[in-house]
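What follows is one structure encoded as structure tokens, with my remarks underneath.
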Amino acid sequence: MPSTTQPPLADPVPIPPPKPFVSRLRHPSSRKTIYDRNLSRTQTTPTSLPAFAYLFNTLITHHHSQSGSVSEIETRLNRAGYPIGIKLLDLLLYRQQTATQRPAQRPTRILELLQFVHTTLWRALFNRTADALEQSTSKKNEYMIVDNEPVVNTYISIPREMSQLNCAAFIAGVIEGLCDAAGFAMEGVTAHWAHEQAVKAEEGAVVNEEMWPGKTIFLLRFGEGSVQRDDAIKAGGGG
């Protein structure tokens, strides 16, 4: 009968200990990063516009290379801004509470939320309020926030064949994320060009002037549940 004796196993190769973790995060001379800042301290110096434009252009270039149409680029930009809006709601409410020394109240009505976006959010992002806030005359669940000169479109050169592209879709995503985080279900938030022309008479001729060529309208479409809840609060004496 043949032998079934197995040869002795070789000694296992010892696994080297893992190398200690070394952070690749670059620190300034003070050895402090953005994570060391006080959340209640608002920004005291403006961000460099050329630096922001360079980073934002890089974001657009990346999504452009991954997309096959204008609508897909805008969808990708919207998704990139969405998680920022979710985080901004808690940050802005926390700063309000710290500044007033009173508990911050989340918006419970659609109008309160729109005013929060029009004023508080815009000031935090652009150091000013939005230029207008309007309600649609045809649909009850649609509202419009107007910005005459969105900073995200600064230094953006759009080819003629992509003239419908509005890179402010990124800000539309921020707005949608904030609204969803506040408990207002949205059908969507989109950014649209508003090519308005000022018409004046000059020596019997009609001359067209584009006062705000980059004017953008952010269209907010609230879900049916949000509208019904708003009506119920109003009917119950909530304002």
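Name the pairs whose Cβ atoms lie under 8 Å apart, with the first residue in segment 149-175 and under 26 Å from residue 127 (Cα atoms), the second among the charged types (D, E, K, R) and part of a loop (DSSP other than H, G, I, E, B), and 6 or more positions between them or separate chains?
149/215
Could you please let me know if residue 42 is open to solvent by less than 70 Å² (accessible area, probe 1.4 Å), at pLDDT below 90 and over 30 Å from residue 231 (Cα atoms)? Even if it seems obvious, please write down each step before you answer.
Working: open to solvent by less than 70 Å² (accessible area, probe 1.4 Å): no; at pLDDT below 90: yes; over 30 Å from residue 231 (Cα atoms): yes.
Here the answer is no, as residue 42 does not meet what is asked.
Out of all the residues in segment 53-68, is one or more assigned to a loop (DSSP other than H, G, I, E, B), open to solvent by 50 Å² or more (accessible area, probe 1.4 Å) and closer than 29 Å to residue 161 by Cβ?
Initially, segment 53-68 is screened for residues assigned to a loop (DSSP other than H, G, I, E, B), giving 67-68.
Right, trim to open to solvent by 50 Å² or more (accessible area, probe 1.4 Å) and you get 68.
Of the ones still in play, those that are also closer than 29 Å to residue 161 by Cβ are 68.
Yes, because at least one residue in segment 53-68 is assigned to a loop (DSSP other than H, G, I, E, B), open to solvent by 50 Å² or more (accessible area, probe 1.4 Å) and closer than 29 Å to residue 161 by Cβ.
Inside segment 91-119, can you point out the residues that are loosely packed, with under 15 Cβ neighbours inside 10 Å and under 16 Å from the mean Cα position of the chain (by Cα)?
Scanning segment 91-119 gives 91, 119.
Output the number of residues of segment 135-170 satisfying the condition of being within 22 Å of residue 229 (Cα to Cα) and open to solvent by 70 Å² or more (accessible area, probe 1.4 Å).
Residues meeting the conditions: 5.
Which condition breaks for residue 97 when tested against (1) touching a residue at least 40 places away in the same chain (Cβ under 8 Å); (2) part of a helix (DSSP H, G or I)?
(1)
What's the total number of residues in segment 78-125 that are in contact with a Ser or Thr (Cβ under 7 Å, 6 or more places away or on another chain) and more than 26 Å from residue 152 (Cβ to Cβ)?
1
I'd like the full set of residues that are in contact (Cβ under 8 Å) with a residue 40 or more places away in the chain and open to solvent by less than 20 Å² (accessible area, probe 1.4 Å), limited to segment 120-129.
Scanning segment 120-129 gives a single hit, 121.
The values are calculated or read from the model by the stated rules, or taken from the named source; none is laboratory data. These figures come from a predicted structure and were not determined experimentally. Cβ: placed from backbone, ideal geometry, glycine included. Neighbour counts: every protein chain shown. To get the accessible areas, we keep the full protein, side chains included, count just its heavy atoms, and leave off ligands, DNA and RNA. Shrake-Rupley method; radii C 1.70, N 1.55, O 1.52, S 1.80 Å.
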